[in-house]
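What follows is a short report on a single structure.
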């Protein structure tokens, strides 16, 4: 197993796709702050040329980052079924459990590294280009990133699970969207009439990321993870989600035929 992990690390370190994804994402977030800063410099009394607006925009868009996890999984997976390399790995004596775990391990490592670097690029560019609104907004952003890590991993494991039980990437993406976005939104809508469905919907990762209230006195959004209870909830939901979909995907992968 250790040799397979090493080979996967080597393959991903030398994968151009990982670097294109990382540096492309970093360039994009830097561009956002640079554009905002340039626009603010050209406008008098522009209310949004500050870290308060920039950081709140970042943590209010965590649902988008969840979607961005999809290409990350695709890059790490490397079209194993399409290229028939997965069949070769099994024939060499590597168990399906080892393959399944190693791929997920790569995804977790790369996801966390990318999140740290992209977030750092966003924060640094914000401080360079925009007016500093105070440490409280940076604290809010860091708390949001930490709280959402387990929810991002749910997004990753759901896509990981689907990749191993479906051969088509597009089909996996469609099922991912249904599980992670469509069903939570439908439950939220139905929850307006049925209380128990509203309770269930409140535990869906995509809904957690979008849940907030507004503090009129402080003039800022209070996201679901801002409270201690909400912060803990993110980790509980994340851990349970990872365990459920990891186990489901592994069981189904063991039963399917590898062509």
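The values are calculated or read from the model by the stated rules, or taken from the named source; none is laboratory data. Not measured: the values here are computed from a predicted model. Quick reminder, even Gly has a Cβ in these numbers, built from the backbone with ideal geometry, and neighbours come from all protein chains shown.
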Residue 109 over 17 Å from residue 141 (Cβ atoms), at pLDDT 90 or above and surrounded by fewer than 20 Cβ atoms within 10 Å (Cβ to Cβ)
yes
Residues satisfying the stated conditions in the stretch 139-185, i.e. over 30 Å from residue 50 (Cβ atoms), in a helix (DSSP H, G or I) and either in contact with a strand residue (DSSP E or B) (Cβ under 9 Å, 6 or more places away or on another chain) or modelled with pLDDT under 90 (or both):
163, 164, 165, 169, 170, 171, 172, 173
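Take the stretch 192-213 and flag every residue that is free of Cβ contacts under 8 Å to residues at least 12 places away in the same chain and touching a helix residue (DSSP H, G or I) at 6+ places or on another chain (Cβ under 6 Å).
Of all residues in the stretch 192-213, those free of Cβ contacts under 8 Å to residues at least 12 places away in the same chain come to 192-199, 202, 213.
Across the stretch 192-213, the qualifying residue is only 197.
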If residue 98 satisfies every condition in (1) more than 30 Å from residue 135 (Cα to Cα); (2) modelled with pLDDT of 85 or more; (3) under 23 Å from the mean Cα position of the chain (by Cα) but one, which is the exception?
(3)
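Name the residue, out of 136, 99, that is touching a residue at least 12 places away in the same chain (Cβ under 8 Å) and either in a helix (DSSP H, G or I) or crowded, with 17+ Cβ neighbours inside 10 Å (or both). Give the derivation first.
Values: 136 fails: touching a residue at least 12 places away in the same chain (Cβ under 8 Å).
From the options 136, 99, the qualifying one is 99.
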One residue is enough: does the stretch 91-100 have a residue meeting the conditions farther than 19 Å from residue 251 by Cα and in contact with a helix residue (DSSP H, G or I) (Cβ under 6 Å, 6 or more places away or on another chain)?
no
Evaluate the stretch 228-242: report whether one residue or more is at pLDDT below 90, touching a strand residue (DSSP E or B) at 6+ places or on another chain (Cβ under 9 Å), surrounded by 13 or more Cβ atoms within 10 Å (Cβ to Cβ) and part of a strand (DSSP E or B).
no
Which of the numbered conditions does residue 50 fail, given that it passes all the others? Conditions: (1) within 30 Å of residue 255 (Cα to Cα); (2) over 24 Å from the mean Cα position of the chain (by Cα); (3) surrounded by 17 or more Cβ atoms within 10 Å (Cβ to Cβ).
(1)
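To keep it simple, each residue is scored yes or no on (1) more than 30 Å from residue 249 (Cα to Cα); (2) without any contact (Cβ under 8 Å) to a residue 12 or more places away in the chain; (3) under 13 Å from the mean Cα position of the chain (by Cα).
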residue: 116; (1), (2), (3): no, yes, yes
residue: 129; (1), (2), (3): yes, no, no
residue: 132; (1), (2), (3): yes, no, no
residue: 165; (1), (2), (3): no, no, no
residue: 169; (1), (2), (3): no, no, no
residue: 183; (1), (2), (3): no, no, no
residue: 190; (1), (2), (3): no, yes, no
